[in-house]
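Just below is one structure, and these are the notes that go with it.
The values are calculated or read from the model by the stated rules, or taken from the named source; none is laboratory data. Quantities reported herein were computed from a predicted structural model and do not represent experimental measurements. Here the Cβ positions follow ideal geometry from the backbone for every residue, glycine too, while neighbour counts run over all protein chains shown. In case anyone asks, the SASA skips ligands and DNA or RNA and just uses the protein heavy atoms, side chains included. Shrake-Rupley method; radii C 1.70, N 1.55, O 1.52, S 1.80 Å.
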Amino acid sequence: MTLTVWRSPLDTPAINNLYKAYEKASGNKLNLVSLPSDAYEVTVKTKFVTGSKPDILNFAAGVDQISQLNPAKNLIDLSDLDFIKREGSLAKSAGYFNGHTYAVALGPVASYGIFYNKQVFANAGLEPPKTFDDLKTVCSTLKSKAPAVAPIFEAGGEGWPPQILAGMLYVTDANKDGAYVASLMDGSAKLSDANSPLVKGLADYAEFRTSHCFNSDATTAKLGDSAKALLAGKAAMVAQVDSAMTPLLADDPAAARKIGFVGVSASGPVVATTPNITGTYYAPKTGDAIKERAAVDFINFITGKGYQQYINDANAVPTLSGVDAPKQVGLNAAVATALQSGSAPTYLTNLPASTALGPLALQVLAGQISPQDVGVKMNVSFEAAKQKLAK
Amino acid sequence: MPSLALIVVFFIIPFVFNAGFAFSDWTSFSDAIAFNGLDNFRLITDLGILGHAIEVTVIYALVVVVVQNVVSLGLATLLQTPSRRTTFFRTLFFLPVLISPLAAGYIWSAMLRPNGPVNSAISVLVPGHFDYAWLGNATSALICTAAIEAWKWSGLATLVYVAGLNSVPRPIIEAATMDGAAGWTRFWRIKVPLLIPAFTFNLVIGFVGTLSAFDVIMATTSGGPGNATTVLNVALFQQYGLGFFGNASALSLVVTTLVVATAVPLVAFMRRREVAL
């Protein structure tokens, strides 16, 4: 039997090994269809809308994305599978919608925080930041002690990076145990509240801009530029996700010695986490009962017999209990240490219409919109999505 | 008959469906699609998307049309007479037309980077290190993306103007010359009125085409910085990505309406000014 897999071209060698291991163990063939990584989610949603579905789907785990696939109709409920208990609280945030878990997130989880250049910090007598107030202190100190260094490198030319510092990190500690999203969903809090964590974080971000804490080409620079500037000591900090940044930094063999990683939020060092697309799998309802059963068997294999080898190959911190965690080295070790200091799933993973933040963060970076107005517009999109989800 | 079928299948039916969806609450969050009146237009107006996108689109189209036609008419005047040299330059200026708009956008976004070749060239001419972010400032980004679009299509407009200039009867030019008309007078009083059909083609194709601009902008700025170059089609793409298909259809209907509302009066206006020989 041949099962069709829609996958992101960003798949790692560890994932490819996992596919091969499944084929060997099951005797089934996997027809791997790579969809373009640029607008991957949009491509999948478009295909679903037109009725085209694979047997196995590699897709984002956030509620904003999966709710758009109409999961009750299109996805097999995996809530009763064995891996659910071993996945712990992640089973209620990754691929989770209306009380059902539709996905497994094999890991590694994506970790969002601040990458910093250790030498730049040491030269200026600075400690790594833990809060947004610390970021302001680092910025003002560097501007006086190292004016040639950009305190924070922002890559607005890429589209998505600015939302990390503008609208994600500050809010992380407010969403421990999902408290912030819960208050938004039950209507006791609004994204547009003047003292909402979103608006306060955006206000700090706007202050970074007006205080010239960003690189001069912040609105056009690309992600690759931020890694180069950080390694070269031309920038002190970059707010990024390890899955995107670590491979870029690893181009420099001395990266682990030069670069550190910390979690930063409003009040303390909390790393924001979200399941990666890589390693997150769904089993769509295709109408072919035999293939649907085979797809569930695939999920059982990758979370069971195949999982330890995958974790070893990926050198990842496991998301499922019952396997040995490989020893982390290099930048991965720095990320693992930061995660131990404190982590929480980002509120954006469970917030309907959260993707509205990306374009609005770019407007804050360009000085075109106030933080309060971003809150108002986010709220309009959020309420419209919430209303439709309730139908 | 086959052509009529093609028009119905590929234009009329999609247009009718799109017009219908513009007034529906179709999102990717639910399978249910219901008529919701003007709610989509209200929502994209409340979000500040509609008015801003129309403004950016119209400014973008105007800049493209002005730059493209001024440059093309100048080039056509210089390259009117057939010779090996003019054939070479006509081919050279036509090359951008053959390049994919995405490729053109990526090439120019690299050229215009703060440390890119354009600023390096300027640094040679002006003292100090010139590192202006052309695509990082709202005004210069809009002008630059429009100029890239104009550059992309100027070769085609040039050929149309060359054909127009060559269709002006030589006896009329010779008679005017004998009557003492100078070069500028001959150009303004004789060539320009006879070039109206070429103007009509270039203005309408240029303006209407750029109202639907998308690819060059996505490859250079993706609508940024912020939303400075977010034309209607880029806003449409963003709404589609958010799963608000009704909003995206509403923006698409605005593009169609804008194209029809512009093209019909523009063609009628230009046709009235055409001169019969």
Worksheet item: Is it fair to say A:Asp186 is touching a residue at least 60 places away in the same chain (Cβ under 8 Å) and among the charged types (D, E, K, R)?
Response: no
Worksheet item: Which of the residues that make up the stretch A:194-224 are of a type in the set (D, E, K, R) and farther than 25 Å from A:Ser183 by Cβ?
Response: A:Glu207, A:Arg209, A:Asp217, A:Lys222
Worksheet, complete the sentence: Exactly one of A:Ser192, A:Ser196 is within 14 Å of chain B (Cβ to nearest Cβ), in contact with a Gly (Cβ under 8 Å, 6 or more places away or on another chain), under 30 Å from B:Pro225 (Cα atoms) and among the hydroxyl-bearing types (Ser, Thr, Tyr), and that one is A:Ser192
Worksheet item: Does any residue in the stretch B:27-42 that is closer than 19 Å to B:Gly241 by Cα and within 11 Å of chain A (Cβ to nearest Cβ) come within less than 7 Å, Cβ to Cβ, of a residue that is in a helix (DSSP H, G or I) and of a type in the set (Lys, Arg) six or more places away or on a different chain, and which pairs are these?
Response: B:Thr27/A:Lys388; B:Ser28/A:Lys45; B:Phe29/A:Lys388; B:Ser30/A:Lys388; B:Asp31/A:Lys73
Item to complete: Take A:Ser93 and decide whether it is touching a Leu at 6+ places or on another chain (Cβ under 7 Å), among the small types (Gly, Ala, Ser) and in contact (Cβ under 8 Å) with a residue 60 or more places away in the chain.
Response: no
Worksheet item: How many residues does the stretch A:305-345 hold that are open to solvent by 60 Å² or more (accessible area, probe 1.4 Å), assigned to a helix (DSSP H, G or I) and within 18 Å of A:Gly279 (Cα to Cα)?
Response: 3
Response to the item:
Okay, helices (runs of 4 or more DSSP H) sitting entirely in the stretch A:1-114 with 3 or more residues that are open to solvent by 40 Å² or more (accessible area, probe 1.4 Å) and away from every other protein chain (no Cβ under 14 Å), I get A:13-26
Discussion item. I'm checking my understanding of the structure. Among residues of the stretch B:231-243 that are open to solvent by less than 10 Å² (accessible area, probe 1.4 Å) and either assigned to a loop (DSSP other than H, G, I, E, B) or in contact with a strand residue (DSSP E or B) (Cβ under 7 Å, 6 or more places away or on another chain) (or both), which one is nearest to the other protein chains (Cβ to nearest Cβ)?
Written reply: B:Gly243
Worksheet entry | All positions within the stretch A:139-163 that are aliphatic (A, V, I, L, M) and buried (at least 24 other Cβ atoms within 10 Å of the Cβ) | A:Leu142, A:Ala150, A:Ile152, A:Ala155
Item to complete: Determine if the stretch B:103-118 includes at least one residue that is touching a residue at least 60 places away in the same chain (Cβ under 8 Å), touching a Lys or Arg at 6+ places or on another chain (Cβ under 6 Å) and away from chain A (no Cβ under 14 Å).
Response: yes
Practice prompt. Inspect the stretch A:202-216 for any residue being at pLDDT below 95, farther than 25 Å from A:Ala266 by Cα, open to solvent by 10 Å² or more (accessible area, probe 1.4 Å) and within 12 Å of another protein chain (Cβ to nearest Cβ) and give the result as yes or no.
Written response: yes
Item to complete: Select from the stretch B:83-138 the residues that are open to solvent by 60 Å² or more (accessible area, probe 1.4 Å) and of a type in the set (Lys, Arg) and write down the one among them that is nearest to the chain's Cα centre (by Cα).
Response: B:Arg113
Item to complete: State whether the residues of the stretch A:361-380 include one that is assigned to a helix (DSSP H, G or I) and under 28 Å from A:Gly107 (Cα atoms).
Response: yes
Discussion item. Condition check: assigned to a helix (DSSP H, G or I), at pLDDT 90 or above, of a type outside the set (Lys, Arg) and open to solvent by less than 30 Å² (accessible area, probe 1.4 Å). Does B:Ala213 satisfy that?
Written reply: no
Discussion item. I need the full set of residues from the stretch A:124-155 which are free of Cβ contacts under 8 Å to residues at least 60 places away in the same chain and assigned to a helix (DSSP H, G or I), in order please.
Written reply: A:Asp133, A:Thr137, A:Thr141, A:Ser144, A:Lys145
Response to the item:
Selection over the stretch A:360-370 where residues are buried (at least 23 other Cβ atoms within 10 Å of the Cβ) and touching a residue at least 12 places away in the same chain (Cβ under 8 Å) yields a count of 5
Worksheet, complete the sentence: Just one listed residue, out of B:Val8, B:Val71, B:Val64, B:Val16, is open to solvent by 50 Å² or more (accessible area, probe 1.4 Å) and either outside any helix (DSSP H, G or I) or in contact with a helix residue (DSSP H, G or I) (Cβ under 6 Å, 6 or more places away or on another chain) (or both), and it is B:Val71
